[in-house]
Amino acid sequence: MHTIGIRHEDKYAPERRTPLVPDDIRQLVNRHGISVCVESSPKRVFTNDEFEAAGARVEDDVSSCDIIFGVKEMPVGYFRKGGVYIYFSHVIKGQSQNMPMLRDLMDAGATLIDYERIVDYAGQRLIFFGRHAGLAGMINTIWTLGRRLKALGRQTPFLKVNQAASYNSLADVRADIRAAGELIASDGLPAGAGPVVFGVTGDGNVARGSLEILDLLPVEEISPSKLRAVKQSRSSDPNPGRDSEMDLNANLYLESGKLYKINLTPADYMVHRKGETFDFHHYIAHPEEYESRFEDFLPHINVLVNGIYWDERYPRLVTKSYLQKIFSPESPHLWVIGDITCDPDGSIECTVKATGIEDPVFVYDPSTGSHKMGFEGNGVAVMAVDILPSELPRESSEHFSRSLEPWIPKLAIADYKEDFESLDLPDELKRAVIVYNGQLTPDYMYLQKQVK
């Protein structure tokens, strides 16, 4: 039976999550007889005493444990021969910033298992922080909206909502958002601040978490077809202070003082280049055959929350050139982008950098291509924190740990000296082994070029 180690997270100072929480460790120790050692941490959301009470040993160093669990990337020089390391490695896209880490792990003769690749046969992730990224991302987006509108001279009830990291619990956040929603429901929004259309991309755990928070506000859902039908957009409106938007021919209104939401998935905005019917599985396999019409929706959206998976094979949703073309300093209609996906220069091209919890927002100026930290300035405010679940550390750790704990006994008894073909792990775990005793496994041989 292998000894399990839990690392202290050292990549980001605000990182307070843990992959396993005390209650689940208690089950592993008492029910399965697994020895668990937890690295002492002054900042982790669960205290050393809580882990000791659960039956874990708390020590200053866990690097000698057989299997070491973490959350974020582990540093170059940490790995040892025969060790098994399980964490979010962020290497499967060939991310250049993490190739030295992957190279070092391989040179050490270690094994890497990535949570992101623990999926079922349909490719659905089984262990994830996605929902809590969505929860925190939408909380921060609403917080950003309140402060961005204030910078534009508009006081709104959104100012009642604070950054997710400032709350002690998710229940406290929900209370503030509901309070803001009650004010909007009773009094509406002030002149020049409504209607407000929230656009949310994606249909996975991130998007569901985002919509869970957004639905605490008095939002009315609007279909993609209806939003397309609202021909008169804010970007072309000679009266930037107006409070409603309408299509005179179709008699469709977005009413003053109201909040709307639209949930957009690839079927709504990806179009086959040869006019063939959209097929999601074909799109995933052959993204180069599609182009994005997402920008058709942007003139009608005030707040965009992005929760999709993206890599460089896929079309972008928002380009810098489009923003430069349509952005009007006198009448900005796209106030805030909450980029939960957070791929710099990726699906939201104006996400020019990932931001930290301590300084989470910048304003991107489409006219110059420059950005300025904070809420002031010409352009669109972008919230792009890349460790959003860390802003809800207790709830996100508990959720993650519940998903991870059932897999631990199999990991703890596996013989990692066997050749890879004989390694006795469930298929879901075996598919997540990126490196085995220093060698890339067959599914990940494509990384060989990037590693070199």
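Nothing in this text is a laboratory measurement; each read-out follows from the coordinates by a stated rule. All figures in this text were calculated on a predicted structure; none of them were measured in a lab. Here the Cβ positions follow ideal geometry from the backbone for every residue, glycine too, while neighbour counts run over all protein chains shown.
DSSP loop chymotrypsin sites (Phe, Trp or Tyr not before Pro) in segment 43-127 with at most 12 other Cβ atoms within 10 Å of their Cβ, which ones? Passing both the DSSP loop test and the Cβ count: Tyr121. Derived scalar couplings between HN and Hα for segment 392-397 equal 10, x, 6, 5, 5, 5 Hz in order, rounded to whole Hz, by the Karplus curve 6.51 cos²θ - 1.76 cosθ + 1.60 (θ = phi - 60°), x for Gly and Pro. Treating r as the C-beta distance of Ala175 and Asp424 and R0 as 35 Å, the FRET efficiency rounds to 0.10.
Give the residue list of GluC sites (Glu not before Pro) in segment 292-363 that are DSSP loop and have at most 12 other beta-carbon atoms within 10 angstrom. Sparse-neighbourhood loop GluC sites (Glu not before Pro): Glu312, Glu330, Glu358.
What ranking do Met1, Met101 get, fewest neighbouring Cβ atoms within 10 angstrom at the top?
Final ranking by Cβ density, sparse to dense: Met1, Met101.
Applying 0.36 nm per residue to the separation of Lys417 and Gln155 and subtracting their alpha-carbon distance, the gain on full extension is 88.0 nm.
With +1 assigned to the C-beta of every Lys and Arg and -1 to the C-beta of every Asp and Glu, and no other charges, what is the dipole magnitude of the chain about the Cα centre in debye, to the nearest 20? The calculated dipole for the chain is roughly 700 debye. For segment 182-228, a Kirkwood radius taken over Cα pairs fed into Stokes-Einstein (10 °C, viscosity 1.306 mPa s) yields D = 128 µm²/s.
Taking the DSSP beta bridges with both ends in segment 130-391, the antiparallel portion is around 40 percent. Report the Cα centroid-to-centroid distance between segment 405-439 and segment 19-37 in angstrom, as an integer. Using only Cα atoms, the two centres lie 19 Å from each other. Close amide-amide hydrogen proximity is noted between Val219 and no other residue 5 or more places distant or on a separate chain, at a cut-off under 5 Å (H modeled in the peptide plane; Pro and chain starts excluded).
The H on the amide N of Thr3, modeled in the peptide plane, is under 5 Å from the matching H of Asp66, Ile67, each at least 5 residues off or on a different chain.
Using 0.36 nm per residue and subtracting the Cα-Cα separation, the extra length available between Ala267 and His32 on full extension is 80.0 nm. Count neighbours as other Cβ atoms within 10 Å of each site's Cβ, and list the trypsin sites (Lys or Arg not before Pro) in segment 365-427 that are DSSP loop with at most 12 such neighbours. Listed in order of number, the matching sites are Lys417. Each residue of segment 273-283 was assigned a 3J(HN,Hα) from its phi angle through the Karplus expression (A = 6.51, B = -1.76, C = 1.60, θ = phi - 60°), giving 4, 9, x, 6, 4, 5, 10, 4, 5, 5, 4 Hz with x at Gly and Pro. Against the chain, whose longest principal axis comes from its Cα atoms, helix 170-187 is set at around 10 degrees.
Ordering Lys452, Lys43 from the fewest to the most neighbouring beta carbons within 10 Å gives Lys452, Lys43. Relative contact order for the chain: 19 percent, from Cα pairs under 8 Å spaced at least 6 residues apart, divided by residue count. Take the Cβ atoms of Met445 and Ile284, set R0 to 25 Å, and the FRET efficiency comes out at 0.75. Full extension of the segment from Asp215 to Glu116, taken as 0.36 nm per residue of separation minus the current Cα-Cα distance, would add 32.9 nm.
Projecting the Cα atoms of Val352, Pro332, Pro266 onto the charge dipole of segment 130-391 (Cβ charges, centred on the Cα centre) puts Pro332 farthest toward the positive pole.
With Cα atoms defining each centre, segment 61-110 and segment 128-196 are spaced 38 Å apart in the structure.
For a test of the definition: using alpha carbon positions, the gyration tensor, and the 1.5 limit on a/c, classify segment 65-114 as rounded, prolate or oblate. Cα axes put segment 65-114 in the oblate bin. Close amide H pairs (under 5 Å, H built 1.01 Å from N) link Asn437 with Thr111, Leu112, residues at least 5 positions away or on another chain.
Phi angles across segment 49-63 convert, under the Karplus curve 6.51 cos²θ - 1.76 cosθ + 1.60 with θ = phi - 60°, into 3J(HN,Hα) values of 5, 5, 5, 5, 5, 7, x, 8, 8, 9, 9, 6, 8, 10, 5 Hz, Gly and Pro given as x. For the chain, the antiparallel share of DSSP beta bridges with both residues in that region comes to about 35%. Provide, as a two-decimal number, the C-alpha radius of gyration of segment 130-391 over 2.2 N^0.38 Å, N being how many residues it has. Against the empirical 2.2 N^0.38 Å value, I get 0.95 for segment 130-391. Using the rule -39500 (n - 2.57) for each DSSP H run of four or more residues, divided by the residues of the chain, the 222 nm mean residue ellipticity is -8000 deg cm²/dmol.
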